[in-house]
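Data first, discussion second: the structure below is written as structure tokens.
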Amino acid sequence: MAEEKSFKYVIVGGGVAAGYAAREFSKQGLKPGELAIISREQVPPYERPALSKGYINLESNNKRSIGFSFVLARFLTILFFSWYTDKATLPGFYVCAGSGGEKQFPQWYKENGIELILDTEIVKADLAAKTLVSGTGQVFKYQTLLAATGSSVTRLSDFGVQGADAKNIFYLRELDDADELVTAMDVKKNGKAVVVGGGYIGLELSSALKVNNLEVTMVYPEPWCMPRLFTAGIASFYEGYYANKGINIVKGTVAAGFSTNSNGEVAEVKLKDGRTLKADIVIVGVGARPIISLFKGQVEEEKGGLKTDAFFKTSVPDVYAIGDIATFPMKLYNEMRRVEHVDHARKSAEQAVKAIKAAEEGKSIPEYDYLPYFYSRAFDLSWQFYGDNVGETVMFGDNDPKSPKPKFGSYWIKEGKLIGAFLEGGTPEENKAIAKVARTQPSVESLNVLSKEGLSFATKI
Ligand code: FDA
Ligand code: NAD
């Protein structure tokens, strides 16, 4: 029988939240052997956003135009985020590189007495018995569990799309997926790529494929890209910009099937509207789902995730849920929400560990008070969004996709208050300013005046 191991704290999942939780544990004080991270990945926690950016560049990207914002961006990039724009390799983007912190090499876990149990998938969690079992039958006992299993991709085969398991149809979630994609991009150099999905993966991957000289077509069902965040006005800038870069955009339809060549590789994408697109590579980004099956029937769920309080405690004593899988009280909007973004993965991990450590000392900490923050980078573009995207909208700035230095944004106004702000091409100070307005929610007297004031409405506050 496999050996049983026992830890005070176990983190199941070895992604962003796990890595930041480990750092917080070490900051708060940890004895050797108290904490284990169990991950099915073969590498220590890394900054997952790098996978759709620098990691899939075939070579160092030096095709960018030189300008002031470029120089500034490069300076910041070199400082913290070189994996965003240049060819990124591990260990360059181990956590906590993405927030400017120390890179946690395998040695870091050793030095901090943290056991990294990699290449190990937990297939059973018995929360009443405080026991986890791996695919190979290893048993792990814990006193406190942090569930950090993240999300898995939604597959076209889930919708019964015919031929969706052909070779060279890729999804992107983990390092192995990215490695397979990079190999295919190299083999199919200058080939045709079809990107299915117009969300985060669709937009970031289309840009990466184009930069790597593939001919790219995007296909998505909605009238404009990234409808879960973008307004029609915001989207029209990105669609125009992508079209100017030579990306073909097909909207209002979906991939209904695939045909293959004699090697079983994808050759054509059949669209629902009857058209077909030639393809050497297909990348699918049609959403993600939280991985919570281990906890089904044991932990209370809400909105597709594990329900937590403001300290990421679930309905089961000594079980916490962090990152993508947590549905937590978003204090600012007085609503339970789940967030699938890296900033929350980091912050929820820190909050949970602080709460665990405080409780051990009979103390309490303030409730999680999260301001939603999403961002993306593609080509020379970079946007940030803070707050909530509901209510009326007002656009401002230069959103001409042909402009040499586009800078524009949008505000969301609900019940007379500004509650959300989006900015493309902002400086660090301007981005800070939009974060501040989204947090402070100033009153808006007139949408017309707000539209005229534009970015200065935020920067003057
Ligand atoms: P995460 O997915 O990071 O980690 C989960 C871990 O659990 C994985 O290691 C997984 O293998 C492991 N696991 C799952 N089940 C297991 C089991 N049963 N046993 C053992 N291990 C198990 N966000 C953003 O704000 N800006 C960005 O630019 C990007 N970019 C981006 C690019 C790509 C390609 C992806 C896929 C995602 C992003 N994101 C992003 C989203 C962001 O990366 C995501 O929200 C965080 O990684 C979530 O962190 P978690 O730790 O919750 O899950
Ligand atoms: P998404 O939810 O952003 O986008 C899904 C898109 O799929 C929709 O916009 C729609 O256009 C499309 N779609 C849905 N069904 C379709 C179908 N049948 N055929 C064609 N298109 C269809 O999800 P994603 O882009 O797959 O991203 C996956 C996860 O990774 C999310 O959790 C996301 O937050 C995360 N991610 C985040 C970033 C970032 O924050 N910058 C970057 C990459 C990935």
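The values are calculated or read from the model by the stated rules, or taken from the named source; none is laboratory data. No experiment lies behind these values; they were computed from the predicted model shown. Reconstructed Cβ throughout: ideal geometry from the backbone, glycine too, with neighbour counts over all protein chains shown. The protein model used for the area step is the full one, side chains on, heavy atoms only, and it has no ligands, DNA or RNA in it. Shrake-Rupley method; radii C 1.70, N 1.55, O 1.52, S 1.80 Å.
Things worth noting here:
- Counted residues, region 219-228 - those being within 16 Å of ligand 1 (Cβ to nearest atom), open to solvent by less than 10 Å² (accessible area, probe 1.4 Å) and either on the phi < 0 side of the Ramachandran plot or not in a loop (DSSP other than H, G, I, E, B) (or both): 1
- When residues of region 283-302 are limited to those that are over 24 Å from ASP179 (Cβ atoms) and part of a loop (DSSP other than H, G, I, E, B), the one farthest from ligand 1 (Cβ to nearest atom): GLU300
Results for (1) more than 24 Å from GLU445 (Cβ to Cβ); (2) open to solvent by less than 20 Å² (accessible area, probe 1.4 Å); (3) among the β-branched types (Val, Ile, Thr), shown as yes or no for each residue.
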site: ALA358; (1), (2), (3): yes, yes, no
site: LYS363; (1), (2), (3): yes, no, no
site: GLU367; (1), (2), (3): yes, no, no
site: SER376; (1), (2), (3): yes, yes, no
site: TRP383; (1), (2), (3): yes, yes, no
site: GLY397; (1), (2), (3): no, no, no
site: PRO404; (1), (2), (3): yes, no, no
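- Of all residues in region 198-216, exactly one satisfies the criterion of being within 15 Å of ligand 2 (Cβ to nearest atom), outside any helix (DSSP H, G or I) and open to solvent by 10 Å² or more (accessible area, probe 1.4 Å), namely GLY199.
- Residues of region 179-197 satisfying the condition of being open to solvent by 20 Å² or more (accessible area, probe 1.4 Å) and assigned to a loop (DSSP other than H, G, I, E, B): LYS188, LYS189, ASN190
- Tallying residues that are touching a helix residue (DSSP H, G or I) at 6+ places or on another chain (Cβ under 7 Å), assigned to a loop (DSSP other than H, G, I, E, B) and within 16 Å of ligand 2 (Cβ to nearest atom) within region 319-371 yields 4.
Condition check ((1) open to solvent by less than 30 Å² (accessible area, probe 1.4 Å); (2) closer than 25 Å to ALA128 by Cβ) across all residues:
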site	(1), (2)
PHE258	yes, no
ARG275	no, no
PHE295	yes, yes
SER315	no, yes
TYR333	no, no
VAL339	yes, no
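- Residue match in region 229-242 (condition: more than 25 Å from the chain's Cα centre (by Cα), surrounded by fewer than 19 Cβ atoms within 10 Å (Cβ to Cβ) and either farther than 27 Å from ASP165 by Cβ or more than 16 Å from ligand 1 (Cβ to nearest atom) (or both)): no
- Residue within region 392-410 that is more than 16 Å from ligand 1 (Cβ to nearest atom), within 29 Å of GLY19 (Cβ to Cβ) and under 24 Å from the mean Cα position of the chain (by Cα) present: no
- Complete set of residues in region 131-153 that are in a loop (DSSP other than H, G, I, E, B) and either crowded, with 16+ Cβ neighbours inside 10 Å or within 16 Å of ligand 2 (Cβ to nearest atom) (or both): GLN138, ALA148, THR149, GLY150
- Looking across region 166-178 at every residue that is within 13 Å of ligand 1 (Cβ to nearest atom) and outside any loop (DSSP other than H, G, I, E, B), the one that is least open to solvent (accessible area, probe 1.4 Å) is identified as ALA178.
- One residue stands out among those in region 154-165 that are open to solvent by 30 Å² or more (accessible area, probe 1.4 Å) and more than 16 Å from ligand 1 (Cβ to nearest atom): the one that is farthest from LEU306 (Cα to Cα), which is GLN162.
- The listed residue being among the polar types (S, T, N, Q), in contact (Cβ under 8 Å) with a residue 40 or more places away in the chain and surrounded by fewer than 19 Cβ atoms within 10 Å (Cβ to Cβ), out of THR427, THR459, THR440: THR427
- In this structure, LYS417 qualifies as away from ligand 2 (no atom under 16 Å from the Cβ) and surrounded by fewer than 18 Cβ atoms within 10 Å (Cβ to Cβ).
- Condition met for ALA128 (more than 16 Å from ligand 2 (Cβ to nearest atom) and in a loop (DSSP other than H, G, I, E, B)): yes
- Here is the figure for region 16-43: residues that are within 19 Å of the chain's Cα centre (by Cα) and outside any helix (DSSP H, G or I) total 4.
Conditions tested, residue by residue: (1) at pLDDT below 95; (2) surrounded by fewer than 24 Cβ atoms within 10 Å (Cβ to Cβ).
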site: ALA2; (1), (2): yes, yes
site: ALA18; (1), (2): no, no
site: GLU24; (1), (2): no, yes
site: GLU41; (1), (2): no, yes
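- From the list VAL286, VAL266, the one residue that fits, being closer than 19 Å to LEU172 by Cα and either under 22 Å from the mean Cα position of the chain (by Cα) or loosely packed, with under 15 Cβ neighbours inside 10 Å (or both), is VAL286.
- The selection criterion, being under 30 Å from SER206 (Cβ atoms), open to solvent by less than 20 Å² (accessible area, probe 1.4 Å) and within 14 Å of ligand 1 (Cβ to nearest atom), holds for ASP343.
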